[in-house]
Amino acid sequence: MSRDPAVTSRIMAAVHNRDTKPEIALRRALWQRGLRYRVRTKVHGKPDIVFPRARVAVFVDGDFWHGNAWRIRGLPTFESQFERIENSQFWRDKITANMARDTEVTASLTAEGWQVYRVFESRLVDELGGAASEIEALVRQPRPVKSSGSGTTAGRTGGACGALG
C-alpha cells in the first residue's frame, strides 16, 4: 500500500523540529526554577536550550528520530521497529545517521568545554521534574577558577553528562 507523495509531504511538514510540547514544558519548568537560558543560538549542533555562562547545552530528542521508539513500544530490538514498514532501509539508515550525529555533536561540544545533557521526549512526559532537577544541578554547580599570570578568571572545564533518558 503506497501513500500519495502529497499526503506524505503534508504530514512531514507538520513535524516540528523545535518548540515541541515536551521542549516547551521543560523550558517552563526551568524558568520556574529561576534558570535563564537561550533557545536560538549558533552553538554547534543547535541545542534546544543553552545556558551560555554555565556552558550547558540541552537537547530534547524525539524518540522516533533519535532511536528510542523501539524501547517505548516494547519491541525487542532497534531493528524490529522497521520490520513492517515500507522503505525500511531508508528509515533505518536515517535514524542510525541521526544517532551517529548525536554522538559526534556531543563529543564536539564536550571537547569545547560544554556539558551536554540529552533527554528523550518520552522521559519528559513521565519525569519532567527529575530532568529539570538534573539540568538545574548542572547549571548551578560551582565553576572552577583558573589561575592566570595577572589574577584569576572564572572558566569552565566541562565534562559530558551522558544521555539521561
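The values are calculated or read from the model by the stated rules, or taken from the named source; none is laboratory data. None of these values were measured; they are calculated from a predicted model. Cβ placement follows ideal geometry from the backbone for every residue including glycine, while neighbour counts extend to all protein chains displayed.
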So for the stretch 140-155 (the condition being in contact with a Pro (Cβ under 7 Å, 6 or more places away or on another chain), surrounded by 13 or more Cβ atoms within 10 Å (Cβ to Cβ) and at pLDDT 50 or above), does at least one residue qualify? no
Which pairs have Cβ atoms under 9 Å, sit 6 or more apart or on different chains, and link a residue in the stretch 77-91 that is modelled with pLDDT of 90 or more and loosely packed, with under 11 Cβ neighbours inside 10 Å to one that is of a type in the set (A, V, I, L, M, F, W, C) and in a helix (DSSP H, G or I)? THR77/TRP70; GLN89/PHE82
State yes or no: is GLY158 crowded, with 18+ Cβ neighbours inside 10 Å, at pLDDT below 95 and within 17 Å of ILE72 (Cα to Cα)? no
Residues of the stretch 52-76 satisfying the condition of being touching a residue at least 12 places away in the same chain (Cβ under 8 Å) and out of contact with any strand residue (DSSP E or B) (no Cβ under 8 Å at 6 or more places or on another chain): PHE64, TRP65, GLY67, ALA69, ILE72
Looking at the stretch 92-119 only, could you name the residues that are in contact (Cβ under 8 Å) with a residue 24 or more places away in the chain and either in a loop (DSSP other than H, G, I, E, B) or over 24 Å from VAL50 (Cβ atoms) (or both)? ILE95, THR96, GLU112, GLY113, TRP114
Taking interchain pairs and intrachain pairs at least six residues apart, which have beta carbon atoms under 6 angstrom, with the first residue in the stretch 25-51 and surrounded by 18 or more Cβ atoms within 10 Å (Cβ to Cβ) and the second hydrophobic (A, V, I, L, M, F, W, C) and not in a strand (DSSP E or B)? LEU26/LEU124; ALA29/LEU128; ALA29/ALA132; LEU30/ALA132; LEU35/VAL139; VAL50/VAL43; PHE51/VAL139
Among the residues of the stretch 52-66, write down those that are crowded, with 20+ Cβ neighbours inside 10 Å and in a loop (DSSP other than H, G, I, E, B). ARG55, HIS66
